[in-house]
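Trainee: Dumping the structure here so I can ask a few things about it.
All of the numbers you see were taken from the coordinates with simple rules; none came from a lab. None of these values were measured; they are calculated from a predicted model. Cβ coordinates were reconstructed from backbone atoms using ideal geometry, including for glycine residues, and neighbour counts include every protein chain displayed.
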Amino acid sequence: MFCDIFKGLRSLGPDAQMDSPQAAAASPWLHIRLNKQRGWGQNGHAFSTQRTFNCMSDHFLARVQRPSRYLGTEVNVPTKRWDACELRVALAFPDVYEVGMSHLGLPLLYEALNRLEWAGAERVFAPWPDMEAYLRAHHLPLASLESATPLSRFDIVGFSLQYELSYTNVLTMLELAGIPPWAAERDARLPLVIGGGPCAFSPEPLAPFFDAFALGDGEELIVEIAETVLAWKKQGGSRTELLKELSMLDGIYVPALFRAVYEKDGRLAAVIASLPERAIVRKRILPDLEESHPPSRPLVPATQIIHDRLAVEVMRGCTRGCRFCQAGFIYRPVRERSPRDVWRLVEQGLARSGYDEFSLLALSIGDYTCIQPLLQSLMRYYSHRRVAVSLPSLRVGTLEQTMIAAISRVRKTGFTLAPEAGSERLRRVINKGISEEELLATAKSVYDAGWPLLKLYFMMGLPTEETADLEALIDLSLQVWREASERRPQRRLHVSISTFVPKPHTPFQWEAQLALAEMERRVDFLKRRLARRGIQFKWNQPFQSMLEGVFARGDRRLAPLLLRAQRLGCRFDGWSEQLRPDLWRAAFAEVGIDPTFYATRRRAPEEPLPWSHLDCGVARDYLWQEYERALAGQITGDCRLAGCTQCGMCGPGSVSLRLQQNAEALALPHPNGAEESNGAYRYRLIFAKTEQARFLGHLEMVTALVRAMRRACLPLAYSQGHHPAPRLSLGDALPLGIESRDETMEIILRHPLDSQDLARRLNTELPAGLAVLEVREDGARQKASDRNIVTYEAVLPGREWPADGFRRYQERDLPPLPQKSKRGIVLIPLEEKLKALNRLAPDRLRCTLEQTGGCTIRVRELLAHLFGVSGEELLTTRILKVSSRDSEGQKDGL
C-alpha cells in the first residue's frame, strides 16, 4: 500500500537519486526522485522539473494507526482510527500536494468532517506523471494520504474543482483508483463521486462522470451529505434512491436527474429536470462567517507548499461587481468576520503551527470594513515576535498610506496590485473604476515604503479591447518601471498578463473569447514592447486560455473529449511544461468537436446556457443589464456604498450583507514576552534525523526545526534587517535519505533556559524522526573543524555485504575513488581517507571516514566502489551516521 505523493520543490542534494522499485519493502518511506535540468517555462516562469515523492509502505502503516499528531513529518494530523469510522470520505484535490495544501477550502471541509465521531476525512492529491507511471507499473491503486486506503474503498470521494484545466487529472485519479469514470457504470459497492468549488457552478463537461455537485458554501452541506449517505448505508437501498435523497438537500445538483436537449445547429435547447420541484438548484449559503470553524490545529506540511503560511479568512464574498470576475458573483453576499474572531484565529493558528507569517484572506481584502484598525492592531501585537502579515492582491483605491506602512513593518517581499486593464476606458467596461493617477500614486508609495518588488496583474482580450488599450497597458507599466528605476537600490517590477476567459454567472458569460491566433499575436506584441531590464514579464500560454474557455462554458458533449484527451496522455494542463497541445488537437479531431464553437462564439441573450438551471443567487436579468452597461462604459457602484443594485441576492428569505459596524482599533492584551532582551544565550544541540525524516531536504528540516521551536515558545533571538531570521546554525547538510544520530545545531536565545527543559519542550513539538538527544549551554561559538572523523553503519537488505570489499580493505588494496566535483572528476585516495571498515553482521557494516572541507566522500559512492553493489541496491540500503568528531577527538563543531 502506498499513500499519495509529496512533490518537493527544491534541489535536495547530490546523493538523492532514483530509488529502486524494491525500496518500499525495505524502508518505511519510498522516495522517488527525478533529476532534470532546471529550465524556463514558455509562460516566462522559472520552473524545476525535479519532483520529489514520498510514499508510505505497509511497514510504516502499522505505526500510523496509533494516535499521533504527526503523519510522517506533517504536524497536527487528527488522531483517529480511520478504519473504525462508520463513514469514510476522501477529499481529493486534482493537483499536486503543495497546490492542494495551499487551498483554503480543503482544511475547512477536513475539519468539519473529522469533528464528527463517526466520520473520517482523509486526503488524496494527483500524482505527478512519473509517480503515476510507477503506480501503473507496479499495479498499485491511488490511495489516501492518512491511511493509504485505496480510493475505491471509501464511501465518498469528493473532488475540489477549482480550475477547468484540472479536469483530466480528475479522470486520471479515478482511473488509478480503479473507479469507472462514467457515473452510470458505478454501482452501490463503489464510492459516490461528488464535486464542489467554483467549477461546480458550471460542471456540465464533467456531469457524466459525477454523481453529484455541491454548490456554494460547504461547511454545513458536507455534514448533511455525510449524514444522508450514512443513513442510506444503514438502511440499505439502491444508488438511485440515494441520489434522489441527496437532491433534496439545498445546494446539491444530481446530473442524472437532468437531461440536455440540443438544437440541430448544436446549440443547447433546454435542460429538463426529471423532478420538476427541483428544476432549479440553488446554492448553499453560510449566513454567518463565524459559524464556520477553521481548523483549531492547522495542518503543517513538512515540504514547502505554494502558500506556506497561516491563512485566515476575514471576509467571504465581494460586491465590487468586476464584470469578468466569477468569484465576485458566485460568493455573494459579503459576510465579514469580527476583528476579535480574526485575532483569535491568528493567535491560535500561530501557536499551534509555528508559522512566522499569516495571511488575511478575502476576495478584496482592502474592502474589509475594519481592515485599517485591525491591521495596525495585529502588527503592533505581533511585531516583537517577528511575525509577518501578507495580503492577497490589493485593489487600488482601498489602500491608504497607513496600511502600506503597517504591513511593511516586519517583512518586505513583494506587493501586488491588480489594475486588470491598461486604459481607464477599459477599466470602466469591466467596472473597475481606478484612475491612472491613483495607481501611480500607490506604486510610488509602495516603493517609498521600501518594497523591493511590485507586481502588476493585467488581463488581455477583454470585451471591446483595442490596440489603444494595449498601448495604455504598456505605457502604465513603463511609468511604474521608471518609478522603480529611479530608486537606489533599483526596485523591481513584475508584469503578469492573463487572457480573458468568459465565465458563467458573470455579465460577460455571453461574450466571445479571442481566437487562439489573436491571443498569440497580442502576447508577442506585449513581450516585445515590455522588454526592459528590471521588468519581468509573465503570461499564460494562449492554448491554455483557449482550453479554459472551452470547458468553462461547455456542455455534456465535452465529456467524451475529456476522456479521450486523458487516455491520450493529457495531464496537468494548467502546468506549462506538462501541456500537450498536440494531444489535445488529436482528441478534438477524433471526437469531432470544434473548440471555436464553445470558445469564440458569442451567445445570444435568449439562448439557454448549460448552467441556467444552477442558481448562484444573482439574477440573469441583472447580469444582462450589467453586460449592456459594460458595452456603454458605465460604472455600477458597490452596493455597500451606493445602495442596493437589485442583483437578486438579498431579499425576503435570503441572506443579506453581514458587515462589521465597529471599525475602531482592536484592543489586544499585552503580549507575554513582548519586552526585548539583549541577552544572547548560546545552546548546542545534538539531534537525530531518522526514519521518515531522512527524506526531508536540509532546508525543509531547518524549517521544521524552527517551527517546532516557535510552537515550543522558545525565546529565539533574531537577526536584524528586512528579513529577520532566528539566530541558529547547523552542521553540514546530511545527504538525502541518510539517517543520523549525531547532527549538531547551535541556537541563540534571548533568555536562559534549563537544558533539560529546552530538550523536553522541543521534543514535544518536533515531527516524527527528529529528536533532540543532548543540550548544553555554550558560552562561545565553537569554530568548525576542517577535518572530521565520521562513522557510518549500513544495512544491505536481502543479502550479505560481499566479502571482497572487506578483503581489499584488509590488504589495503584500495583504488582511488573517482568522484564528481565542481572541478570535474577528482580521485580520492582511500588509503588515507578510509580509517576503518568492519563487518558487524552478514548484512551490516561500519565504516569510518576522514572528511575534509575540500574533499567530502559520498558514502553511497564509496560503498558501490568497494563492494560492487548496484545503485538500485544502495538506494534500498539503510545508512546511519553514528558519530562525528574532529581530528583531535572532540565533538564536531559548527
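Trainee: Can you work out ³J(HN,Hα) from phi for every residue in the range 817-828, in order, using Karplus 6.51 cos²θ - 1.76 cosθ + 1.60 and θ = phi - 60°, giving whole Hz and x for Gly and Pro?
Mentor: Coupling constants for the range 817-828: 8, x, 8, 6, 8, 4, 8, x, 7, 10, 9, 9 Hz.
Trainee: So, one more: Which of the trypsin sites (Lys or Arg not before Pro) found in the range 492-577 are in a DSSP loop and have at most 10 neighbouring Cβ atoms, other than their own, within 10 Å?
Mentor: Those that pass, being in a loop and sparsely packed, are Arg533.
Trainee: Using alpha-carbon pairs under 8 Å, 6+ residues apart, how would you state the relative contact order of the range 185-305 in percent?
Mentor: 23 percent
Trainee: Let me ask something additional. Per-residue ellipticity at 222 nm for the chain, helices alone: DSSP H runs ≥ 4 residues times -39500 (n - 2.57), over residue total, nearest 500 deg cm²/dmol?
Mentor: Mean residue ellipticity at 222 nm (helix-derived): -8500 deg cm²/dmol.
Trainee: Next question, about the same structure. For the range 805-814, in order, what is each residue's ³J(HN,Hα) by Karplus, 6.51 cos²θ - 1.76 cosθ + 1.60 with θ = phi - 60°, in whole Hz (x at glycine and Pro)?
Mentor: For the range 805-814, the Karplus-derived couplings read x, 5, 4, 5, 5, 4, 8, 6, 8, 10 Hz, x marking Gly and Pro.
Trainee: Taking Rg/Rh (Cα atoms, Kirkwood Rh) straight from the coordinates, which label in [x] 1.10; [y] 0.98; [z] 1.08 is the correct one?
Mentor: [y]
Trainee: Something else: Taking amide H atoms as placed 1.01 Å from N in the peptide plane, list the residues 5 or more away in sequence, or in a different chain, whose amide H sits under 5 Å from that of Glu313.
Mentor: Sorted by chain and number, the residues that satisfy this are Leu361.
Trainee: In degrees between 0 and 90, to the nearest 10, how far off the longest principal axis of the chain does helix 467-485 point, with axes built from Cα atoms?
Mentor: Here the helix axis deviates by roughly 40 degrees.
Trainee: Determine ³J(HN,Hα), in whole Hz, for all residues of the range 679-689 in sequence, where each value follows from phi through the Karplus function 6.51 cos²θ - 1.76 cosθ + 1.60 and θ = phi - 60°; x replaces Gly and Pro.
Mentor: x, 9, 9, 9, 10, 10, 10, 9, 9, 9, 10
Trainee: Defining a contact as two alpha carbons under 8 Å apart and six or more residues distant in sequence, what relative contact order in percent does the chain show?
Mentor: 12 percent
Trainee: Out of residues 5 or more away from Leu773 or on other chains, whose amide H comes under 5 Å of its own, with H placed 1.01 Å from N in the peptide plane?
Mentor: Amide H neighbours of Leu773, under 5 Å, 5+ apart: Ile686, Phe687, Ala688.
Trainee: Return one number: the angle in degrees, 0 to 90 and rounded to the nearest 10, between the long axis of the Cα atoms of helix 436-448 and the longest principal axis of the Cα atoms of the chain.
Mentor: On a 0 to 90 degree scale, this one is about 20.
Trainee: Still on this structure, I have one more. Report, by chain and number, residues whose modeled amide H sits under 5 Å from the one on Arg787, excluding near sequence neighbours (fewer than 5 apart, same chain).
Mentor: Ser887
Trainee: Over 23 Å apart: what share of the alpha carbon pairs of the range 212-301 falls there, rounded to a whole percent?
Mentor: More than 23 Å apart: 41 percent of the Cα pairs in the range 212-301.
Trainee: Helix 698-711 versus the longest principal axis of the chain: what is the Cα-based angle in degrees, 0 to 90, to the nearest 10?
Mentor: Tilt of helix 698-711: around 80 degrees.
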